[in-house]
Amino acid sequence: GKLVFLALPSASPGGAITTYKHIEGDTFRRLRDDNELGETVIFERNEDGEVIRYKSHGNFYQKMNKG
């Protein structure tokens, strides 16, 4: 029921982790230090059901493909 984001590069990877709680479908909310819910992250899928990007703070972030 949780999702973890890791911001890279980071001199302190443990401090660069952000945890999100699953709300429903492809929607997650950040868990703040006081366990209250913070901002929303919504994943978007293509017609095949694959995640192609996510939206956070009104900005879209494209999925990076191997290659």
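The values are calculated or read from the model by the stated rules, or taken from the named source; none is laboratory data. What you see is a predicted model; the values in this text were computed from it and never measured. With ideal geometry, Cβ positions are generated from the backbone for all residues, glycine too; neighbour counts draw on all protein chains shown. For accessibility, only protein heavy atoms count, side chains too; no ligands or nucleic acids. Shrake-Rupley method; radii C 1.70, N 1.55, O 1.52, S 1.80 Å.
Here Lys2 meets the list (1) open to solvent by 100 Å² or more (accessible area, probe 1.4 Å); (2) charged (D, E, K, R); (3) at pLDDT 95 or above almost entirely, failing just condition (3).
What about Tyr20, is it among the hydroxyl-bearing types (Ser, Thr, Tyr), touching a strand residue (DSSP E or B) at 6+ places or on another chain (Cβ under 8 Å) and at pLDDT 95 or above? So Tyr20 passes the test.
The number of residues in segment 7-38 being touching a residue at least 12 places away in the same chain (Cβ under 8 Å), within 25 Å of Gly49 (Cβ to Cβ), assigned to a strand (DSSP E or B) and not polar (S, T, N, Q) comes to 7. Contact annotation: residue pairs with Cβ atoms under 9 Å, 6 or more positions apart or on different chains, pairing a residue in segment 39-67 that is among the basic types (Lys, Arg) with a partner that is open to solvent by 100 Å² or more (accessible area, probe 1.4 Å), are Arg53/Gln62; Arg53/Lys63; Lys63/Glu50. Among the residues of this structure, Ala11 counts as one that is exposed (fewer than 12 other Cβ atoms within 10 Å of the Cβ), more than 12 Å from the chain's Cα centre (by Cα) and of a type in the set (A, V, I, L, M, F, W, C).
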